[in-house]
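In what follows, a single structure is set out as structure tokens and then discussed.
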Amino acid sequence: MFCYAGEQMKKVYVAGLYSHTDNGILGILDNIRKGQRAGTILLLKGYIPFVPWFDYHFQFNLRENETLTKDEYYNYSIEWLKCCDYMVVISNHKNSYGVNKEIEIAKKNNIKIYYSIDEFMKDVKP
């Protein structure tokens, strides 16, 4: 793999809820908004965020007979996670299989985890 965690600008994987069981599509859209906003804040502050909520661009650009599965999206994100220096978890992840799996992978790869953007930015300078 050709990624170099630790060099130059700080690479940050932003993790958080995507699906929403209580509020349907409106809850999903709200989670997307929160994730994208978190990534935007980090980029404005001088970090290099990887934001899985921006993956919808791939879906919009698929052509007839082209598909990407949920697993393909997930594997794509996990490979970027492994290249990051840090992970920031932006939402309650207790009941999220996906976020908990990402946390497990981050720990296995010695990626420091923060549970809020403020905590992260206080501790890690761009």
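All of the numbers you see were taken from the coordinates with simple rules; none came from a lab. Treat the numbers as computed from the prediction; the structure is a model and nothing was measured. Because the Cβ atoms are built from the backbone with ideal geometry, glycine has one as well, and the counts that use them run over all protein chains shown.
Just to verify a number: FRET efficiency for ASP55 and ASN92, C-beta to C-beta distance, R0 = 25 Å, to 0.05?
0.75
Tilt of helix 70-83 relative to the longest C-alpha principal axis of the chain, in degrees (0 to 90, nearest 10)?
Taking Cα atoms only, the helix is inclined about 10 degrees.
Determine the relative contact order of the chain: mean sequence separation of Cα pairs under 8 Å and six or more apart, normalised by residue count, in whole percent. Provide the component values of the computation, followed by the final result.
Details: 158 pairs, mean separation 41.8, N = 126.
It comes to 33 percent, rounded to a whole number.
Considering the chain as a Gaussian network with a 10 Å cut-off on Cα pairs, which listed residue, GLY24, GLY98, GLY46, attains the greatest mean-square fluctuation?
Largest GNM mean-square fluctuation: GLY24.
For a test of the definition: using alpha carbon positions, the gyration tensor, and the 1.5 limit on a/c, classify region 7-126 as rounded, prolate or oblate.
Prolate is the answer for region 7-126, as a/c is 1.5 or above and a/b outweighs b/c.
In deg cm²/dmol and to the nearest 500, what is the mean residue ellipticity at 222 nm of the chain if only DSSP H runs of at least 4 residues count, each as -39500 (n - 2.57), divided by the residue total? Intermediate values should be presented prior to the final figure.
On the way: 5 runs with 59 residues, N = 126.
Dividing the helical sum by the residues of the chain leaves -14500 deg cm²/dmol.
Using mean Cβ contacts within 10 Å as the protection proxy, how do 68-78, 100-110 order, highest first?
100-110, 68-78
For VAL124 and LYS112 in one chain, what is 0.36 nm times their gap in residues minus the Cα-Cα distance, to one decimal in nm?
Stretched out fully, the VAL124 to LYS112 stretch lengthens by 3.3 nm.
Tilt of helix 24-44 relative to the longest C-alpha principal axis of the chain, in degrees (0 to 90, nearest 10)?
Once rounded, the angle reads 30 degrees.
Given a Förster radius of 35 Å and the C-beta distance between ASP22 and THR67 as r, what FRET efficiency does 1/(1 + (r/R0)^6) yield to the nearest 0.05?
That gives a FRET efficiency of 0.75.
May I ask which of LYS82/LYS125; LYS10/LYS34; LYS45/LYS94; LYS70/LYS108; LYS45/LYS82 have a Cα-Cα span longer than 26 Å here?
Numbers: LYS82/LYS125 20 Å; LYS10/LYS34 21 Å; LYS45/LYS94 28 Å; LYS70/LYS108 23 Å; LYS45/LYS82 22 Å.
Beyond 26 Å between Cα atoms: LYS45/LYS94.
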